[in-house]
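Laboratory data are not the source of any read-out in this text; all were calculated from the coordinates shown. Quick caveat, the model's predicted, so the values are computed rather than measured. Positions of Cβ are backbone-derived with ideal geometry, glycine not excepted, and every protein chain shown enters the neighbour counts.
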Amino acid sequence: MKIELLSKKDAPCVAKIEQECFSTPFKESDILEYLDNPIWHFFVAKEEESVLGYISFIKILDEIQIVNVATSQEYRKIGVGKALISALLDFAKENEATKLFLEVRESNIAAISLYRGFGFYEVGISKNHYKEPTENAILMNLEL
């Protein structure tokens, strides 16, 4: 598995993963628009030409907000999420980020466990943050 920057040719694959994983997914046109925005970043995990998963994040000054981490259903539980977050942490250190933060559905125990494994900690709850279905978000931070 290799981690690389998202290219425009991989945007349809990322949009497909969005459809699989999220109730309000980004469209391919959204992803292409974000690629042209200098604060948005995407890494993809690939095996040959197949996109296994991706991470999207926004970097402003010394802070990074993780927007989405998603793995295609057929490639779950093989370390794709770990590899993507590790790549993000390398990027954060190389680019002098001091803080990372994210929101995660409170029912997403696997993701919460993954983030905790990297040292993220809970800082609060955002009530009714998610829709379809309505659910609270756990807010998590990581100081570098």
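Restricted to the stretch 1-90, the set of strands (runs of 3 or more DSSP E) holding at least 2 residues that are hydrophobic (A, V, I, L, M, F, W, C) and without any contact (Cβ under 8 Å) to a residue 60 or more places away in the chain comprises 40-47, 50-60, 63-71. Every condition in (1) in contact with a helix residue (DSSP H, G or I) (Cβ under 7 Å, 6 or more places away or on another chain); (2) within 24 Å of residue 24 (Cα to Cα); (3) among the hydrophobic types (A, V, I, L, M, F, W, C) is met by residue 118 except one, and the failing one is (2).
Here's the yes/no breakdown for (1) closer than 19 Å to residue 39 by Cβ; (2) of a type outside the set (Ser, Thr, Tyr); (3) exposed (fewer than 12 other Cβ atoms within 10 Å of the Cβ):
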position: 71; (1), (2), (3): no, no, no
position: 83; (1), (2), (3): no, yes, no
position: 113; (1), (2), (3): no, no, yes
position: 140; (1), (2), (3): no, yes, no
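Which ones in the stretch 40-69 are hydrophobic (A, V, I, L, M, F, W, C) and surrounded by 18 or more Cβ atoms within 10 Å (Cβ to Cβ)?
Hits for the stretch 40-69 are 42, 43, 44, 45, 51, 52, 55, 57, 64, 66, 69.
Report, by residue number, each residue of the stretch 91-110 that is free of Cβ contacts under 8 Å to residues at least 40 places away in the same chain and either acidic (Asp, Glu) or assigned to a loop (DSSP other than H, G, I, E, B) (or both). Matches in the stretch 91-110: 94, 95, 96, 103, 106, 107, 108.
Residues in the stretch 53-67 that are of a type outside the set (A, V, I, L, M, F, W, C) and within 18 Å of residue 111 (Cα to Cα): 53, 54, 56, 65.
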